[in-house]
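Only one structure is covered here, and it is reproduced in the block below.
Where a number appears in this text, it was derived from the coordinates with a stated rule and is not lab data. From a predicted model like this one, the values you see are computed outputs, not experimental measurements. With ideal geometry, Cβ positions are generated from the backbone for all residues, glycine too; neighbour counts draw on all protein chains shown.
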Amino acid sequence: MASAHPDPAAWLDAVADGVVIADGAGRVVAINEVAASLLQVTDGLGRPLREVLDLHDPSGCCTWWTQVDPYGRWHAGSALAESLWLLPDGREVLATTRFRRTPGEGITSVGVVLRRARGRARIERDRSDLIATVAHELRNPLTGIQNFISVLSERSNELSAEEQALLLRSIDHDTARLGRLISELLTVSGIDAGQVRLHRDWVDLAAILAALVPALSTPQRPIAVQTEPVPDLFLDPDKTRQVVGNLVENAIIHGSGPIEVSLSSVDDEGWVRLLIDDAGEGIPDDVRDRVFAKFYAGAASAGSGLGLYIVKGLVEAEGGHIIVSRSPSGGARFDVRWPVVEIAP
């Protein structure tokens, strides 16, 4: 029978970050597998913390021990903020230190948590990209709105009714752009957190295509739709419309020539299949896996770069999947499949 009180060391080995704990005398009393691997030690227990925690300042000025001096200084707080250090092999790691003290005895234990810096740097880059994208996307419509309002307030007496109406339509258009961007950001936040809220109902995909596509089709970019009889799907209607709209708009922006949209059943597999083909240059094989990433460089010239990331996140949240390949005309083909269910959950 398993012990009701497992060895604490086993708990530490379940932690994703490296953990090193030393007692009041500066001897290591606990070190998990992640920390031992990062620090390249095999016999850390009982050794001086000064030897085990072999970290160096990136500038080369000092070591972690000389900079922090956990036992030689009186640290007023209970922790030191996360900071960047170099491991013995030159890799970067983020270290956070906590102290435990007893009145009259000083520090009785020191705990150090080590986190790989690469993952943190990636998160920071994603945040920076998001901030830059949001700032850029917000600035253009906000500037337009500000200019239109300024003209209306300063020259209203000089403008004809038609000119005033045009400015108001422009304000409405830019306001709608802001609303769409905010909606995209909220959707991205939900996808990142794994908390996409679905309000499922029975959805007629053919009806969604009939309502959306004619409004997007133009003489320069005609969209042909072919639909076979397919069963209704138990999906979120609004999010399904968002998926279809984003994919068609993506084909309009990045493709060329006519666009073909087809809807069919894959009876032997229990899926409904939506294909969107354009006649553009297509997507090279070596970057197809990246087109669904946030801020994919190929989408940087138009839109926020979030559209396909949102599409993939919403499709997968509803139990479907999406892939990209080459269309018969040589352009891009987006292949979406949703599962058929007989009874609503």
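Taking a ≥ b ≥ c as the square roots of the Cα gyration tensor eigenvalues, the range 40-118 comes out prolate, since a/c reaches at least 1.5 and a/b is larger than b/c. Within the shell defined by Cβ-Cβ distances under 15 Å, the residues around LEU166 carry a net charge of -3, with Lys and Arg each +1 and Asp and Glu each -1. Note on GLU82 and GLU228: with the Förster distance fixed at 41 Å, the Cβ-Cβ geometry gives a FRET efficiency of about 0.15. In this structure, the amide hydrogen of ARG333, modeled 1.01 Å from its nitrogen in the peptide plane, lies closer than 5 angstrom to those of SER325, ARG326, SER327, counting only residues at least 5 positions away or on a different chain.
Here's how it looks for SER109: its modeled amide H is under 5 Å from those of ARG100, which are all 5 or more places away or on a different chain. Can you tell me the FRET efficiency between SER109 and VAL15 if r is taken as the Cβ-Cβ distance and R0 is 25 Å, rounded to the nearest 0.05? Efficiency at R0 = 25 Å is approximately 0.90. Applied to the range 80-95, the Karplus parametrisation 6.51 cos²θ - 1.76 cosθ + 1.60 on θ = phi - 60° returns per-residue 3J(HN,Hα) values of 10, 4, 4, 9, 8, 9, 9, 6, x, 8, x, 6, 8, 9, 9, 10 Hz, with x for Gly and Pro.
Arranged from fewest to most other beta-carbon atoms within 10 Å of their beta carbon, ILE182, ILE31, ILE223 become ILE182, ILE223, ILE31.
Once the C-beta distance of SER256 and ASP57 is scaled by a Förster radius of 41 Å, the resulting FRET efficiency is 0.15 to the nearest 0.05.
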